[in-house]
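Worksheet: the structure to be examined is printed underneath.
The values are calculated or read from the model by the stated rules, or taken from the named source; none is laboratory data. All values derive from a computational prediction rather than experimental measurement. Cβ atoms come from the backbone with ideal geometry, glycine included; neighbour counts cover every protein chain shown.
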Amino acid sequence: MEAPVTHPSVTVQRQTTSSKAALTLAALIVLTIPTMPFWASGGYIRWAVELSCLIAIAQMWNLLAGYAGLLSVGQQAFIGAGGYALFVLAGKLGVNPFAAVILSVGLPFVLAIPFYLLLKRLDGPYFAIGTWVVAEALRLLTSNISYVNGGGGLSLRVMAEYSQHQRAIGITILSAVLLLLTVGGTYWLLRSRHGLALTAMRDDPVAAESQGVNVARLRFLIYIAAAAGTGLAGAVYYMAQLRITPESGFDPYWASICIFVVMVGGIGRIEGAIIGALVYFFATRFFGQYGATYLIVLGLLTMFMALYAPGGIWSLLTKIRDWPWFPTARLLVRNR
Amino acid sequence: MQWVDAVVQGVLLGGLYAQYAIGMALMFGVMRIVNIAHGDFIILLGLIGISIATAWGLGSAGLILLLVPLGALIGWLLQHSVLNKVIGTDPIPSLIATFGLSIALQNFMLQIWSADTRSLSGGTLSVASVSLGPIHAGVLPVIVLACAVLLTGGLDLVLRYTAFGRGLRASAADHNAATLSGVNTKEVYALATAIAVGILGMAAVFQAMRTTIAPPDGGAQLIYAFEAVIIGGMGSIWGAFTGSMILGVAQVVGFRIDPGWGILLGHIVFLIVLAARPQGLMSRG
């Protein structure tokens with residue numbers, strides 16, 4: 001008789017000390033942002049809102065390009081769509097502006113479906129430029145619609161009904177929700193059953209398909225989810241700006257920001273998008289005054305990262321020490 | 001008659017777009033790479049041309065003779081220093097690298113030439129026109145279209161009948177097998193990119209003579225080239241040419257309907273082709 005195969009007793013470990021610390025810190029930050037109107041100055045609140053939008057937009061692009069392999073240079077389509085949906089709902093249709101931000105997700109969500117069905121016909125790099133064309137078409141279309149004041153853009157006058165303090169409370173709560181949905185949502189997604197499929201797809205789409213991952217369907221779902229998340233960020237961002245024009249809402253510069261943030265931070269890692277967003281946010285605060293020279297450096301740095309350090313800052317950091325903040329892997333630990 | 005005229009003007013505009021598009025079709029067909037800085041190179045070469053013309057008083061033909069080799073050199077350098085490092089099955093690295101290059105180039109040009117729009121004076125050539133019955137056409141646009149036809153036909157013949165063309169088609173079909181058969185694929189790629197950017201040297205002079213150019217314009221030119229390639233059918237040089245004509249006609253007809261709709265109608269035609277015939281109009285598939 002054969003001896004029965006004995007399995008070494010193991011447990012699956014899904015958190016590390018560093019990740020527990022990071023999760024606690026992240027939860028604290030999300031809970032702290034809505035309290036800011038009671039202790040922080042208006043300038044810091046603006047920083048927090050902008051940074052939240054930046055992290056959200058970058059994280060959505062990371063999910064799209066890093067995991068689903070869908071490189072988009074047209075996410076500004078959804079930023080503008082989310083922003084315009086807010087201005088129409090709140091400014092024209094009289095919906096409560098804070099509720100309108102949440103409802104605004106509907107427009108980018110609905111637009112993303114036909115966009116994807118069209119664009120998926122394009123191969124690899126052509127998909128990317130296709131997303132840009134779609135964003136440009138939306139920009140030109142918006143400039144031609146007199147209901148939204150064409151190229152002149154819209155102002156969010158209804159916000160005048162609320163005091164500075166009320167507005168600050170509303171927008172900080174929305175920023176916290178935005179972070180929770182985009183970063184928390186990505187983390188949850190990657191740790192779920194779909195996360196295994198997504199990680200497999202990130203590493204090799206063909207191999208993932210052969211293991212039973214429905215790559216086409218997953219890509220479709222990720223594209224729509226990223227559109228909705230990006231649209232929400234657009235609505236929050238333009239609520240803080242109080243003004244939107246086709247030129248700003250659908251500005252291709254948004255795509256440059258996505259690419260720079262994620263490539264420098266580390267593509268295909270949740271931590272990468274966050275680090276990249278922090279780097280970009282503070283670099284722009286300190287060096288933005290140099291204008292074109294600063295952007296030349298950003299462009300060259302992006303190219304340099306693509307050529308020599310495709311894993312970005314996060315992969316360089318993990319070489320020094322592996323201390324994941326948001327681990328998605330399953331570690332098998334042998335029981336002693 | 002107004003619409004016949006619009007179609008004629010559209011075809012002439014298409015001659016300019018064809019000069020952007022055939023290089024892009026060539027690079028994608030051979031390497032599966034899209035150079036996001038494609039449009040920025042047109043603007044860069046155009047601005048260099050304008051500066052040279054002002055400094056040395058060089059005519060347009062002399063400028064083309066100078067800018068085409070310069071473009072080819074830029075393309076060759078780009079392939080050797082950047083693109084050869086990122087060629088592979090994953091399209092992301094090459095796109096990101098050229099995207100970064102595009103941002104850097106645009107802002108570099110802003111730094112040197114400022115955001116002003118500039119153009120190249122064509123002398124009597126820019127105002128001369130020929131008439132065929134009630135249709136009037138500028139001599140310059142006709143020359144542009146003729147050059148586009150010659151370039152497309154010439155490139156097609158080179159791909160079909162020369163050793164370089166065979167090597168190029170072999171590298172496109174199977175990179176490894178071509179290497180095994182003794183094709184130096186890296187050199188073939190570098191030549192393809194040199195041709196693609198070299199053509200832009202001519203396109204840049206025509207663009208600067210026909211309209212104006214400014215540092216941020218590159219993105220739009222990239223999009224037109226791309227739309228032309230997709231409308232015509234990927235990988236085919238004559239397809240890119242035909243796509244350019246269709247795009248040009250769509251834009252001019254759109255402008256005649258409403259000035260705000262010109263570029264937009266081009267995008268819409270592109271999206272319709274993508275929905276109805278994604279393999280492109282000229283493709284056999």
message: Take residues that are over 20 Å from the mean Cα position of the chain (by Cα) and at pLDDT 90 or above and tell me which of the helices (runs of 4 or more DSSP H) falling wholly in the range B:24-141 contain 1 or more.
response: B:38-56, B:92-113
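Residue B:203: more than 9 Å from chain A (Cβ to nearest Cβ), out of contact with any strand residue (DSSP E or B) (no Cβ under 7 Å at 6 or more places or on another chain) and in contact (Cβ under 8 Å) with a residue 40 or more places away in the chain, yes or no?
Working: more than 9 Å from chain A (Cβ to nearest Cβ): yes; out of contact with any strand residue (DSSP E or B) (no Cβ under 7 Å at 6 or more places or on another chain): yes; in contact (Cβ under 8 Å) with a residue 40 or more places away in the chain: yes.
Yes: the conditions hold for residue B:203.
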statement: Checked the range B:55-84 for anything in contact (Cβ under 8 Å) with a residue 12 or more places away in the chain and hydroxyl-bearing (Ser, Thr, Tyr); matches are B:60
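Would you say residue B:260 is more than 28 Å from residue B:153 (Cα to Cα) and either facing chain A (nearest Cβ under 8 Å) or basic (Lys, Arg) (or both)? Talk me through it step by step, then tell me what you get.
On the way: more than 28 Å from residue B:153 (Cα to Cα): yes; either facing chain A (nearest Cβ under 8 Å) or basic (Lys, Arg) (or both): yes.
The answer is yes for residue B:260.
Taking helices (runs of 4 or more DSSP H) that fall entirely within the range A:175-251, which contain at least 1 residues that are more than 17 Å from the chain's Cα centre (by Cα) and more than 25 Å from residue A:272 (Cα to Cα)? Talk me through it step by step, then tell me what you get.
Working: elements: A:185-191, A:193-203, A:205-210, A:215-241, A:246-249.
Correct list: A:205-210, A:215-241, A:246-249.
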- request: Taking the residues in the range A:102-116 that are part of a helix (DSSP H, G or I), of a type outside the set (Gly, Ala, Ser) and in contact (Cβ under 8 Å) with a residue 24 or more places away in the chain as candidates, determine which candidate is surrounded by the most Cβ atoms within 10 Å (Cβ to Cβ).
  value: A:108
- prompt: Which of (1) free of Cβ contacts under 8 Å to residues at least 60 places away in the same chain; (2) crowded, with 23+ Cβ neighbours inside 10 Å is the odd one out, the single condition residue B:42 does not satisfy?
  reply: (1)
query: Taking the range A:298-324, which residues are outside any loop (DSSP other than H, G, I, E, B), of a type outside the set (Lys, Arg) and more than 8 Å from chain B (Cβ to nearest Cβ)?
result: A:308, A:312, A:313, A:314, A:315, A:316, A:317, A:318, A:320
- line: Looking across the range A:325-336 at residues that are surrounded by fewer than 18 Cβ atoms within 10 Å (Cβ to Cβ) and either in contact with a helix residue (DSSP H, G or I) (Cβ under 9 Å, 6 or more places away or on another chain) or in contact (Cβ under 8 Å) with a residue 60 or more places away in the chain (or both), the single one that is nearest to the other protein chains (Cβ to nearest Cβ) is A:329
query: For the range A:229-250, which residues satisfy the criterion of being among the small types (Gly, Ala, Ser) and crowded, with 23+ Cβ neighbours inside 10 Å?
result: A:229, A:231, A:233, A:234, A:235, A:249
message: If I filter the range A:252-280 down to residues being surrounded by 24 or more Cβ atoms within 10 Å (Cβ to Cβ) and not in a helix (DSSP H, G or I), which single residue comes out as nearest to the other protein chains (Cβ to nearest Cβ)?
response: A:267
- prompt: Applying the selection to the range A:169-208, what residues are loosely packed, with under 15 Cβ neighbours inside 10 Å, under 20 Å from residue B:91 (Cβ atoms) and not β-branched (Val, Ile, Thr)?
  reply: A:203, A:204, A:207
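Out of all the residues in the range A:57-69, which are more than 10 Å from chain B (Cβ to nearest Cβ) and at pLDDT below 90? Full working, then the answer.
Taking the range A:57-69 first, the residues more than 10 Å from chain B (Cβ to nearest Cβ) are A:57-64, A:67-68.
Of everything in the range A:57-69, those that are more than 10 Å from chain B (Cβ to nearest Cβ) and at pLDDT below 90 turn out to be A:67, A:68.
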query: What residue, of A:56, A:65, A:21, A:26, is small (Gly, Ala, Ser), free of Cβ contacts under 8 Å to residues at least 40 places away in the same chain and in a helix (DSSP H, G or I)?
result: A:21
task: Test each condition in (1) over 30 Å from residue B:126 (Cβ atoms); (2) more than 14 Å from chain A (Cβ to nearest Cβ) for residue B:246 and report the one that comes out false.
output: (1)
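Of the residues that make up the range B:7-14, is at least one within 13 Å of the chain's Cα centre (by Cα), within 14 Å of another protein chain (Cβ to nearest Cβ) and hydrophobic (A, V, I, L, M, F, W, C)?
Just the residues of the range B:7-14 that are within 13 Å of the chain's Cα centre (by Cα), to begin with: B:13-14.
After this cut, where a residue has to be within 14 Å of another protein chain (Cβ to nearest Cβ) as well, the list is none.
No, that holds for no residue.
Each row is one residue, and each column tells you yes or no for (1) out of contact with any His (no Cβ under 7 Å at 6 or more places or on another chain); (2) crowded, with 24+ Cβ neighbours inside 10 Å; (3) farther than 18 Å from residue B:3 by Cα; (4) aromatic (Phe, Trp, Tyr).
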position	(1), (2), (3), (4)
B:211	yes, no, yes, no
B:243	yes, yes, yes, no
B:254	yes, no, no, no
B:271	yes, no, yes, no
- prompt: Given the structure, is residue B:43 within 26 Å of residue A:131 (Cα to Cα) and in contact with a strand residue (DSSP E or B) (Cβ under 8 Å, 6 or more places away or on another chain)?
  reply: yes
- prompt: If we scan the range A:63-84, do we find a residue that is within 15 Å of residue A:254 (Cα to Cα) and hydroxyl-bearing (Ser, Thr, Tyr)?
  reply: yes
field: Matching residues, the range A:88-101, being surrounded by fewer than 16 Cβ atoms within 10 Å (Cβ to Cβ) and either at pLDDT 90 or above or not small (Gly, Ala, Ser) (or both)
entry: A:92, A:93, A:96, A:99
statement: residue B:282 passes all but one of the listed conditions (1) in contact (Cβ under 8 Å) with a residue 24 or more places away in the chain; (2) buried (at least 21 other Cβ atoms within 10 Å of the Cβ); (3) out of contact with any His (no Cβ under 9 Å at 6 or more places or on another chain); the exception is number (2)
- request: Test residue B:135 against the stated conditions and say whether it is touching an Asp or Glu at 6+ places or on another chain (Cβ under 8 Å) and closer than 30 Å to residue B:211 by Cα.
  value: yes
- request: Please specify each residue of the range A:117-155 satisfying the condition of being surrounded by fewer than 20 Cβ atoms within 10 Å (Cβ to Cβ), more than 8 Å from chain B (Cβ to nearest Cβ), under 24 Å from the mean Cα position of the chain (by Cα) and assigned to a helix (DSSP H, G or I).
  value: A:117
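From the list B:260, B:266, which one is without any contact (Cβ under 8 Å) to a residue 60 or more places away in the chain and crowded, with 24+ Cβ neighbours inside 10 Å? Quick ask: steps written out before the conclusion?
Working: B:260 fails: crowded, with 24+ Cβ neighbours inside 10 Å.
The conditions single out B:266.
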